[in-house]
Amino acid sequence: MSFDLNLIAESLPLMLMGIGITFKLLIVSGFLGLILAICLLLMRISGRWFLNFPAQVYIYVFRGTPILVQIFIIYYGLPQFEAVRDSIFWPILREPTGCAILALTLNTGAYVSEILRGGVLGVSKGVLEAGSALGMSARQNFIYLTAPIATRLALPAYSNDVISLLKSTALASTITIADMTGIARTIVADTYAPYEIFISLAIVYMIFTFGIQKLFGVIERYLGRYMEREG
Amino acid sequence: MKLTMLRNLAIGLSAALTLGTAGTASAETLRVGMECTYAPFNYKTADGELAGYDVDVANGVAAIIGVELEFVCQEWDGMIPALLANKFDLIIASMSITEKRKEKIDFSGPYRFSTGQMLGPKSKEMDLFDDAGNPIPDNFNGLRVGLERATTYASWFEDVLPGADVVLYDGSEPLYLDLQNGRVDLIMTNPMKAHLKFLSKEDGAGFEFKGPVVDEEKYFGIGVGIGMRQGEDELKGRLNSALKELINSGELEGYAMKIFPFKLHKDEWGQ
């Protein structure tokens with residue numbers, strides 16, 4: 001097999017034109033997903049069954065089905081209903097990007113809420129008891145003690161989820177979006193050279209993953225600065 | 001110790017290799033790649049059986065040249081790479097013979113016309129073609145057009161109507177869905193197929209062909225042929241004479257008449 005380096009040089013800039021869309025998908029759905037996750041987390045730890053139960057069902061459904069299936073249901077399934085096409089959400093759902101962001105948000109929200117819950121459960125009781133002993137209310141305990149400690153505890157697992165979200169954005173190419181993967185697939189279909197194109201695409205994703213890892217490493221070190229031992 | 005192990009391994013490997021080649025030579029089997037979802041040309045019936053014009057052609061040719069066939073279902077945009085990677089030996093999948101594809105693979109003579117036509121909603125008046133049947137590029141500006149990735153339609157649009165906002169799909173079913181859903185204004189596909197699978201059905205009631213059939217040879221080629229790897233001239237010769245036999249005996253016309261009230265080839269291809 002000959003490996004055509006020229007082809008890579010020609011097609012890399014084309015693929016990189018999709019970076020904007022890939023990052024738009026990652027950042028918008030990552031941000032919205034985090035907000036959703038916090039809502040779900042609060043519902044889960046509220047101690048009220050009518051909040052806890054729906055959140056549990058939601059998480060079960062979205063973690064229990066493949067994200068590709070969710071994307072297809074949202075993109076191809078929803079518009080089958082007249083009501084959806086007449087609704088105010090249609091301008092968003094009409095666009096493939098809107099559908100992809102919705103699917104990724106709903107999916108990552110479910111995963112991240114469980115990651116955050118793990119962080120909350122990991123906060124030692126002693127800290128909270130100390131807070132109560134100082135006269136802090138349950139709410140103050142949560143805001144000043146649980147939240148910061150849980151964030152630090154959840155961070156390594158959360159960075160994992162951001163990385164897998166980056167890779168999930170590639171699925172958007174199945175619903176006509178020209179992200180990096182979508183562009184690569186079109187180039188492959190035109191040049192019939194899957195190895196060169198997909199291998200260079202894989203390397204581009206790896207570079208971005210490396211960047212995300214480093215970024216979270218910096219945040220982790222910052223949040224854990226009080227934990228470092230002296231000497 | 002290590003050496004003997006290596007030698008044993010080498011002996012085992014060469015034995016396996018000779019067995020492998022002996023197996024394929026004794027009963028000649030050709031593997032045929034197709035989409036299996038491109039009705040009425042190649043698709044699976046409700047019983048899971050493959051059927052359609054391409055399948056009939058494949059079986060007709062196989063009977064004449066005396067080989068067994070094994071069908072492999074493959075998505076369209078990976079069809080040529082899969083042939084080149086030896087996942088199968090022939091493409092009989094309504095693939096048009098184009099110069100661009102000929103750079104990578106070889107084709108038999110044509111066995112079906114290759115054309116395209118646009119479809120859009122009846123309710124929308126679209127002034128897309130002039131009286132001579134040529135597209136008016138300005139009127140395509142900003143129109144959202146759904147096409148299948150890596151098809152002759154896509155390269156035609158790219159060159160002839162660059163102002164259109166082209167959206168690329170992975171299959172033909174999603175094209176019809178998104179046309180119905182209003183995500184695209186127009187689609188372009190094979191008119192025979194569109195008539196059978198969409199316009200004649202309840203879902204297609206609100207839609208119609210927009211403009212004439214397009215068959216510019218530079219993009220659409222002389223027709224649809226059987227694809228194979230380059231350098232297999234002996235096989236190509238056998239396939240070509242088998243196709244001619246199918247045309248001259250009227251059998252090919254019979255395959256078309258099963259689906260359409262007209263034939264899909266030119267008799268001169270049998271000369």
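The values are calculated or read from the model by the stated rules, or taken from the named source; none is laboratory data. These figures come from a predicted structure and were not determined experimentally. Neighbour counts are summed over all protein chains in view; Cβ atoms, including those assigned to glycine, are modelled from backbone coordinates with ideal geometry. Accessible surface areas use protein heavy atoms only, side chains included; no ligands, DNA or RNA. Shrake-Rupley method; radii C 1.70, N 1.55, O 1.52, S 1.80 Å.
For this structure, a couple of remarks:
- Note on the stretch A:117-138: residues that are more than 28 Å from the chain's Cα centre (by Cα) and of a type outside the set (S, T, N, Q) amount to 12.
- Out of A:L166, A:L128, A:L145, A:L153, one residue alone is at pLDDT 95 or above and not hydroxyl-bearing (S, T, Y). It is A:L166.
- Residue in the stretch A:95-107 that is farther than 23 Å from A:A154 by Cα, surrounded by 13 or more Cβ atoms within 10 Å (Cβ to Cβ) and without any contact (Cβ under 8 Å) to a residue 12 or more places away in the chain present: yes
- Residue within the stretch A:67-78 that is crowded, with 19+ Cβ neighbours inside 10 Å, not aliphatic (A, V, I, L, M) and not in a loop (DSSP other than H, G, I, E, B) present: yes
- Only a single item in (1) more than 25 Å from A:Q213 (Cβ to Cβ); (2) part of a helix (DSSP H, G or I) is not met by A:N107, and it is number (1).
- Among (1) of a type in the set (K, R); (2) in the same structural domain as B:A93 (by TED's automatic domain parsing); (3) over 24 Å from B:K100 (Cα atoms), the one test that B:K197 misses: (2)
- Close pairs (8 angstrom Cβ cut-off, 6 or more residues apart or separate chains): of a type in the set (D, E) in the stretch B:209-223, modelled with pLDDT of 85 or more and open to solvent by 50 Å² or more (accessible area, probe 1.4 Å) anywhere: B:D215/B:F113
- B:D203 satisfies every condition listed in (1) surrounded by fewer than 21 Cβ atoms within 10 Å (Cβ to Cβ); (2) assigned to a helix (DSSP H, G or I) except (2).
- Checklist (1) at pLDDT 95 or above; (2) of a type outside the set (A, V, I, L, M); (3) within 18 Å of B:N42 (Cα to Cα) applied to B:G78, failing item: (1)
- Tally, over the stretch B:68-90, of residues that are touching a residue at least 12 places away in the same chain (Cβ under 8 Å) and either within 24 Å of A:T181 (Cβ to Cβ) or touching a Ser or Thr at 6+ places or on another chain (Cβ under 6 Å) (or both): 13
- Failed condition for B:E234, given (1) in the same structural domain as B:K122 (by TED's automatic domain parsing); (2) more than 30 Å from A:D179 (Cβ to Cβ); (3) open to solvent by 60 Å² or more (accessible area, probe 1.4 Å): (1)
- Within the stretch B:69-98, considering residues that are hydrophobic (A, V, I, L, M, F, W, C), assigned to a loop (DSSP other than H, G, I, E, B) and more than 14 Å from chain A (Cβ to nearest Cβ), the one nearest to the chain's Cα centre (by Cα): B:I97
- If the condition is being in a helix (DSSP H, G or I) and buried (at least 16 other Cβ atoms within 10 Å of the Cβ), then the stretch B:99-136 contributes only B:R101.
- Qualifying residue in the stretch B:171-193 (condition: away from chain A (no Cβ under 14 Å), touching a Lys or Arg at 6+ places or on another chain (Cβ under 8 Å) and either within 20 Å of B:K124 (Cβ to Cβ) or open to solvent by 20 Å² or more (accessible area, probe 1.4 Å) (or both)): yes
- Under the condition of being open to solvent by 30 Å² or more (accessible area, probe 1.4 Å) and touching a helix residue (DSSP H, G or I) at 6+ places or on another chain (Cβ under 8 Å), the residues counted in the stretch B:254-270 number 6.
- Condition broken by A:F3, with the remaining ones in (1) in a helix (DSSP H, G or I); (2) open to solvent by 30 Å² or more (accessible area, probe 1.4 Å) satisfied: (1)
- Filter result (over 13 Å from B:P110 (Cα atoms) and either among the charged types (D, E, K, R) or part of a loop (DSSP other than H, G, I, E, B) (or both)) within the stretch B:218-244: B:K218, B:R229, B:Q230, B:G231, B:E232, B:D233, B:E234, B:R238
- Of the helices (runs of 4 or more DSSP H) lying entirely inside the stretch A:128-231, those carrying at least 3 residues that are of a type in the set (S, T, Y), within 14 Å of chain B (Cβ to nearest Cβ) and crowded, with 18+ Cβ neighbours inside 10 Å are A:180-191.
- Pick from the stretch B:144-170, criterion open to solvent by less than 30 Å² (accessible area, probe 1.4 Å) and of a type in the set (A, V, I, L, M), ranking: farthest from the other protein chains (Cβ to nearest Cβ): B:L161
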